[in-house]
Structure formats: C-alpha cells, structure tokens
1. Return the residues of the stretch B:88-104 that are open to solvent by 20 Å² or more (accessible area, probe 1.4 Å) and either modelled with pLDDT under 90 or among the hydroxyl-bearing types (Ser, Thr, Tyr) (or both); say none if nothing qualifies.
2. Keeping to the stretch C:37-52, report how many residues are among the aliphatic types (A, V, I, L, M) and either free of Cβ contacts under 8 Å to residues at least 12 places away in the same chain or more than 20 Å from residue A:65 (Cα to Cα) (or both).
3. Does residue B:164 satisfy the condition of being in contact with a helix residue (DSSP H, G or I) (Cβ under 6 Å, 6 or more places away or on another chain) and open to solvent by 20 Å² or more (accessible area, probe 1.4 Å)?
4. For residue A:8, all conditions in the list (1) open to solvent by 40 Å² or more (accessible area, probe 1.4 Å); (2) in contact with a Gly (Cβ under 7 Å, 6 or more places away or on another chain) hold save one; what is the number of the exception?
5. Open to solvent by 40 Å² or more (accessible area, probe 1.4 Å) and within 10 Å of chain C (Cβ to nearest Cβ), is that true of residue A:28?
6. Here are C:41, C:55, C:51, C:62: which of them is under 20 Å from residue B:177 (Cβ atoms), small (Gly, Ala, Ser) and either in contact with a strand residue (DSSP E or B) (Cβ under 7 Å, 6 or more places away or on another chain) or open to solvent by less than 60 Å² (accessible area, probe 1.4 Å) (or both)?
7. So which residues in the stretch B:24-38 are over 17 Å from the mean Cα position of the chain (by Cα) and among the aliphatic types (A, V, I, L, M)?
8. So is residue C:46 modelled with pLDDT under 90 and open to solvent by 60 Å² or more (accessible area, probe 1.4 Å) or not?
Amino acid sequence: MDVLAAINGNVNTIGYGLAAIGPGIGVALVFAAYINSSARQPESAGYNRTWLVLGFALVEALALFGLVLAFAVN
Amino acid sequence: MSGQLVAAEGLPWPPSVGDFYPPDLAGPWVTKFTLMVWLAVGLLIVFFMATYRNPKLVPSKGQWMAESVYGLVRDNIAREQMGRDGIRFAPYFTVLFCFIVVTNLFGIVPGLQISPNSHIAFPIVLALISYVMYLYIGARKHGLGRYLKQSLILPGVPWPMHFLLIPIEFLQTFVVRPVTLAVRLFANMFAGHLILLVFTVGGFVMLASDNIFIQISSVAAFVMAILMAFFEVLVALLQAYVFVTLTANYIGSSLADEH
Amino acid sequence: MADNPHRRSPDEHSSEGVAGAVLGYLLAGIVVWGFLGWLAGEFLGLPTGVGIAVGMMLGAAGAIYLIMKRLSA
C-alpha cells in the first residue's frame, strides 16, 4: 500500500482534545449564566459567586481528568 | 499530491522546534536572544529616563505615556489585587509589565521576528523572581513557621481531612503556581511564533508549487498571517497583564492575614 | 482619578486570582492523589486503572472542598 501521508505522535493528544470540548462548553455556560444574572441583578453578584466557583470547579475537574489521563495512560 | 507541495526547496517546511534556534552571532554566549534582551532593557531605561528627566505639572507627550503606563499598573493591577499594600510594589510591577510587553512584541517586529519568551529559559527566570519574592515576603511578614502553617493548613476542618488537603495545598502553593506562571507565558509565545511560521512559510511553499490553483490560494495564507500578527499584539499585551496580575495576586496572598 | 464606587475591600478575592486558584487547586489535587492512587494500585496489585481512577476522584473531591472553604467564605 502506498503511504501518502504519515503522522506520528500519541493518540492521547487527540483524546484530550476531544475531552476538552465538553468542559469548554460547560465553562462557557457557567460564566455566561453568572454574567447574565449579575448584570440583571448586581446586588446578587456576591451571593452567586459561591455557586460560580463551585460550578466552575466541578466542570473544570473533568477537563483536568482528561489532561492527567492523557499523560498517565499509554 | 504531497510531491507538489514540497516542491519548494530550501524552505523550512514543516516548521519545527529547530526554527526557534537562530544561529549564534558570536560564540555561544552572544545569540539573537541575548541581544534582544539587552535591547529591551536599554529601551526601557532610555524611555523612562527620557520621559522623567524633567517632569512637569502639565506633562509632555512622553511623560504622559510613562505616567499612564505606571498609573495603569498601579491602579488596575497593584491596588486591585493587593489593596493599599500594593502601592509599594507598583514600580517593580511596572518594570516587569513593560519588560514582558517589549520582549513579547519583538515577536512581530520586522527583523527581530521572534520573542525571547518563546524560549522557556526567560519565562522561568521571570517566574522564579516572582516565586522567591512571594515566599520571602510571606516568610518575612509572618515568620517562616507561621507562613507555612497558614499556607498549608486550612483552619476549621475536621482533622482527618488534613491528610487529604495538605498535599494538595503544598503542590498548589509551591509547585503549581510558579510552573503555570512560567509555562503560560512560554506556551503562548511559542504557539504564536509557530502559528506565524505556519502561515507565512506555508504561503511561500504554496506559491512555489507548480499548480496555479494552489498558487492562488496562497493569498489566503498571507492574509491569515497578517491577521495573526495583529492577534499576536493582543496576546503579547494580555499575557504580560496576566503575568503581572498573578504575581501581584500571589504576593498579596502571602501578605494577607489569617482569616 | 475618581474613586471607583465598586472598589472591593482588599481581603476579597479578585476574579483573576479566583480563576487561577481554582485551576491550580484542581490540578494539584488530581495530580497528587492520582499519583498516590497509582502507587497504591501498583503495590496492592489492583487491576490497571482502578487505583488512578479512585485517586483522581478523591483528589478532585478534596480540591473542590478546599476551593469552597478557601475562596467563597
């Protein structure tokens, strides 16, 4: 078989790229909702901040699982 | 197919890490990067000396520029992150900010075309200064033992949780912070240079092919290269701002009292 | 320059600092406990992946607990 193009490297990189899509959308949604709510009701910003941090941490943990597993699994 | 595209001889295609090492200018100690760093230092010294040699109440154009850079750093970074204590550190932050901006912008200045910060040695040194600074300031303010206790042990937690939490706190304060500080700046400048190389060199490779359609579509690559060069200006300013902001934040958190 | 009416008191965390700290804590927690979990799995002879998975979950949980305690008080 003729080889027209070759790529070398690790498939884990592609896996991490795929795994980052979901958390990327999730982080965007979390921050969009926070900006939206604190623009409508500025006095609630301090209260919502707790939930902003919690939501961001929960979503971001998934992306970091992907990052660590991309290095750990071979 | 690939035979046509790689027809251009002598072009460094595909771009690789080797393109980040221009030949030495004079011996192993004088490279393009050392000259650029000296140039940046010289530019900053001359700029601030010249604009502040003869300060007036109604500022001239140069004095206004220097003052607005200092004011930006003092008000939006130092005071925002550290409160009233930050004013003391504002001169250092201003110099750090200007140095990173100038060295980052070297990446798109014709003739220089590469940022020293795209070699990880330079971000490592900058991050190391911040790292030593916030550790030293924290230890001096609280005493070494109390500073360690304050940054490692979370008050008001049932004691078995400390087994879980202390390794996390240790890694966060003493490893993750400086490493991310250095790697963020390095990765942004490295990736920016690589993107510019891909579009410009790729444009020339397409131009050198023997197919008229591929030659025409090289225009798109050159347009992208120009757009990306403007995007790099944004990245250069933003990364300098982020670096200084995080440095201020870390110093502020080692100055903060226990709550 | 006029004083900004929305100026925060200095002990409150800025948003850049919070975002960086959240990332740092999560990364630190997942890396350190993932590594300890992997070590435990190697020594106890667990099936591949169990140790690291449990360790990463534990680390993420600890990091989120820490973030909630430290940053949103």
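1. Within the stretch B:88-104, B:92 is the sole residue that qualifies.
2. Qualifying residue count, the stretch C:37-52: 3.
3. yes
4. Unmet for residue A:8, out of (1) open to solvent by 40 Å² or more (accessible area, probe 1.4 Å); (2) in contact with a Gly (Cβ under 7 Å, 6 or more places away or on another chain): (2).
5. Values: open to solvent by 40 Å² or more (accessible area, probe 1.4 Å): yes; within 10 Å of chain C (Cβ to nearest Cβ): no.
Criteria not met by residue A:28.
6. On the way: C:41 fails: under 20 Å from residue B:177 (Cβ atoms); C:55 fails: under 20 Å from residue B:177 (Cβ atoms); C:51 fails: under 20 Å from residue B:177 (Cβ atoms).
Just a single option satisfies the conditions, and that option is C:62.
7. B:25, B:26, B:30, B:35
8. Answer is yes for this residue.
The values are calculated or read from the model by the stated rules, or taken from the named source; none is laboratory data. What you see is a predicted model, and the numbers here were worked out from it, not measured in a lab. Cβ coordinates were reconstructed from backbone atoms using ideal geometry, including for glycine residues, and neighbour counts include every protein chain displayed. Ligands, DNA and RNA are stripped out before the accessible areas are found, and what is left, the full protein with its side chains, is counted by its heavy atoms. Shrake-Rupley method; radii C 1.70, N 1.55, O 1.52, S 1.80 Å.
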